[in-house]
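Values quoted throughout were computed directly from the atomic coordinates according to the rules given, and no laboratory measurement underlies them. Everything numeric here is computed off the predicted structure, so don't read it as measured data. We place every Cβ from the backbone using ideal geometry, glycine too, and count neighbours over all the protein chains shown.
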């Protein structure tokens, strides 16, 4: 049984390490979990003693197989709860992250498997992020950012890179959600802003917004 804090650290290491494969420096980890470097160092030692991570001074922390499995379970719970909140309780996708941060620490595996079944085994959450299955496997479709899409080529939105409230609220206004059809019909040379057809409706996207929308490759 891991504590909330331990689970949060493992999840942070997984995300910072590009899905668990690269070492994470103490200062970067401390910044991610919003604490001091000394506190992060203490937790790194604790996780290493439980064989959840490997750690080398000046090199960083890496997840062991056991630690990666634990991190993926927390991520699985988080994304399933986000899906439940949006699909079944009518939350906006910009509202669910903080609630799911609390629900992801529920320990009952039976509850999570029943939740997965109730939702008809979704592969992605409302933001398009892949949901690990009960064995920790992830289906990750090939994707590129919208600004890299060739002009005139039909595609569809599959995810967003940035889940900040401000971006999600903006995407809500223009209806740019995963599953929507999108095609670039014009590109402004001055600032690389885009004119797109979004489910047949003309919409203008700034370069920064386009970089944060992932589409099918």
Can you give the angle from 0 to 90° between the axis of helix 165-174 and the longest principal axis of the chain, with both taken from C-alpha atoms, to the nearest 10? 30
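Could you tell me the convex hull volume per residue, in Å³, taken over the Cα atoms of the chain? Can you show the working numbers first?
Numbers: hull volume 29.7 nm³, N = 217.
Value for the chain: 137 Å³ per residue.
Expressed as a whole percent, how much of the Cα-Cα distance distribution for the range 143-216 exceeds 15 Å? Please report the intermediate quantities before stating the final value.
Working: 1224 of 2701 pairs.
Value for the range 143-216 (Cα pairs over 15 Å): 45 percent.
Which of the three applies to the range 47-103, rounded, prolate or oblate, going by the alpha-carbon gyration tensor with a ≥ b ≥ c and a/c under 1.5 meaning rounded?
Values: a/c = 4.33, a/b = 2.88, b/c = 1.51.
Here the range 47-103 falls in the prolate category.
Shape of the range 80-130 from its Cα gyration tensor (a ≥ b ≥ c, root eigenvalues): rounded if a/c is under 1.5, otherwise prolate when a/b > b/c, or oblate?
Numbers: a/c = 1.73, a/b = 1.24, b/c = 1.40.
The shape class here is oblate.
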Alpha-carbon centroid distance for the pair the range 177-194 / the range 83-104, whole angstrom: 28
With each run of n ≥ 4 DSSP H residues scored as -39500 (n - 2.57), what mean residue ellipticity at 222 nm is computed for the chain after dividing by its residue count and rounding to the nearest 500 deg cm²/dmol? -12500 deg cm²/dmol
Using Cα-Cα distances under 8 Å and only pairs 6 or more residues apart, what relative contact order does the chain have, in percent? 15
Helix 65-87 against the longest principal axis of the chain: what's the angle in degrees, Cα atoms only, rounded to the nearest 10? 40
A correct fewest-to-most ranking of 123, 76, 110 by other Cβ atoms within 10 Å would be 110, 123, 76
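Using the Cα gyration tensor of the range 4-63, with a ≥ b ≥ c the square roots of its eigenvalues, what is the shape: rounded (a/c below 1.5), prolate (a/b larger than b/c) or oblate (neither)?
On the way: a/c = 1.14, a/b = 1.08, b/c = 1.05.
Because its axes are fairly even, with a/c under 1.5, the range 4-63 counts as rounded.
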For the chain, the longest principal axis of the Cα atoms and the Cα long axis of helix 4-16 enclose an angle in degrees, to the nearest 10, of 50
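What ranking of 215, 33 emerges when the number of other C-beta atoms within 10 Å of each C-beta is taken as an exposure proxy, fewest first? It would help to have the intermediate numbers written out before the result.
Numbers: 215 25, 33 16.
Least crowded to most crowded, the residues run 33, 215.
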Percent relative contact order of the range 4-63, based on C-alpha pairs within less than 8 angstrom and at least six residues apart? 39
